[in-house]
Amino acid sequence: MNKKTFGFIFVILLAGFIIAGDSLTFLPPQVRSASVQSRNFVVGLIPKWIRPKNRDAGREQEIQKLEKGQDTNQQ
């Protein structure tokens, strides 16, 4: 097995561990928690401006204002 194939298989196994390691019940609890910590670390590397935004937040605020009886056209 050459280095390229070994590296590819390693990356695939690592990604599988990070994605689904905490759901594998045969693993010890420390290993499952390491999977969760690794996932949180990888997600933390993504900048906040790239993460999905709650596009319904403005609508939810308008609904709350309507329920209270306020006019939504005033800004």
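The values are calculated or read from the model by the stated rules, or taken from the named source; none is laboratory data. This is a predicted model, so every value here is computed, not measured. Glycine also receives a Cβ, built like all others from the backbone with ideal geometry; neighbour counts cover every protein chain displayed.
The combined condition, being outside any helix (DSSP H, G or I) and surrounded by 10 or more Cβ atoms within 10 Å (Cβ to Cβ), is fulfilled by residue 27. When residue 50 is tested against (1) of a type in the set (Val, Ile, Thr); (2) assigned to a helix (DSSP H, G or I); (3) surrounded by fewer than 11 Cβ atoms within 10 Å (Cβ to Cβ), only condition (2) is not met. Is there a residue being exposed (fewer than 11 other Cβ atoms within 10 Å of the Cβ), modelled with pLDDT of 85 or more, assigned to a helix (DSSP H, G or I) and not polar (S, T, N, Q) anywhere in region 12-21? Checked against the condition, which is being exposed (fewer than 11 other Cβ atoms within 10 Å of the Cβ), modelled with pLDDT of 85 or more, assigned to a helix (DSSP H, G or I) and not polar (S, T, N, Q), region 12-21 yields at least one hit.
Can you say whether residue 9 is assigned to a helix (DSSP H, G or I), over 13 Å from the mean Cα position of the chain (by Cα), surrounded by 10 or more Cβ atoms within 10 Å (Cβ to Cβ) and of a type in the set (A, V, I, L, M), as far as the supplied structure shows? It is true that residue 9 is assigned to a helix (DSSP H, G or I), over 13 Å from the mean Cα position of the chain (by Cα), surrounded by 10 or more Cβ atoms within 10 Å (Cβ to Cβ) and of a type in the set (A, V, I, L, M). Within region 59-75, the residues that satisfy the criterion of being modelled with pLDDT under 85 and loosely packed, with under 10 Cβ neighbours inside 10 Å are 69, 71, 73, 74, 75.
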